[in-house]
Amino acid sequence: MSKLNGAVRRAVQIAAGVAAAGALTISGAGLASAASPPVTPSPGGDNVWPVVNLDRCGGPIQISRDIVPGRTDLLGVTLTPTGNFGASSECVAPVKLEWVNGIAPFGHAVTVTVDRPGPTRVDIPIGAGVSLLTVQTLGVPAFGTSQYVWMQP
């Protein structure tokens, strides 16, 4: 059974590498460090959209990513409410960021509460190489986002 798990893990690592290489090729991004790391496109874009309370607590939370200068292992993730969702204590948005690194495929997570206007930033130790980053809400039904991210080693 462990040989099967190892084979599946290796197949996932190879697929992640191919996806990241394809994203780099499609986007025209090189391997040099930039302000924003290359990511694969997500069907929902770079937003977390609430499903309920659209009249009172509507509007997406925009997700942006950037490289922390001098730290190739840290990814800065900024969550910015563009409507009422996450912009006040009445429309609080508990957001969970999960990542799986392609080199050491273990799941990691951090939770941050978005409950004020303006950006909320969190730096996560995503590691170098290809990682799958998923951003979603906890306890509040919403459409999240999931993308492969390339961090230059």
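Values for this structure:
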item	result
Odd one out for S42 among (1) in a loop (DSSP other than H, G, I, E, B); (2) touching a Phe, Trp or Tyr at 6+ places or on another chain (Cβ under 8 Å); (3) modelled with pLDDT of 80 or more	(2)
Residue list for segment 87-111, restricted to those being surrounded by fewer than 17 Cβ atoms within 10 Å (Cβ to Cβ), of a type in the set (G, A, S) and not in a strand (DSSP E or B)	S88, S89, A104
Filter result (under 24 Å from F85 (Cβ atoms) and in contact with a helix residue (DSSP H, G or I) (Cβ under 6 Å, 6 or more places away or on another chain)) within segment 105-153	D115
Close pairs from segment 25-46: first β-branched (V, I, T), partner modelled with pLDDT under 50, Cβ under 6 Å, at least 6 apart	T40/A19; T40/A23
Residue that is farthest from S36 (Cα to Cα), among those in segment 74-111 that are of a type in the set (S, T, Y) and modelled with pLDDT under 95	S89
Every residue from segment 132-143 that is under 19 Å from P37 (Cα atoms) and either free of Cβ contacts under 8 Å to residues at least 40 places away in the same chain or surrounded by fewer than 19 Cβ atoms within 10 Å (Cβ to Cβ) (or both)	T134
Qualifying residue in segment 112-125 (condition: in contact with a Ser or Thr (Cβ under 9 Å, 6 or more places away or on another chain) and at pLDDT below 90)	no
Top-ranked residue in segment 63-86 [being of a type outside the set (A, V, I, L, M) and surrounded by 18 or more Cβ atoms within 10 Å (Cβ to Cβ); ranked as nearest to T145 (Cα to Cα)]	R65
Positions within segment 46-62 being surrounded by fewer than 13 Cβ atoms within 10 Å (Cβ to Cβ) and either modelled with pLDDT of 85 or more or not basic (K, R) (or both), in sequence order	V51, V52, D55
Condition check for G70: at pLDDT 90 or above, closer than 19 Å to G129 by Cβ and outside any helix (DSSP H, G or I)	no
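The values are calculated or read from the model by the stated rules, or taken from the named source; none is laboratory data. Being a predicted model, the structure only gives us computed values, none of them experimental. Reconstructed Cβ throughout: ideal geometry from the backbone, glycine too, with neighbour counts over all protein chains shown.
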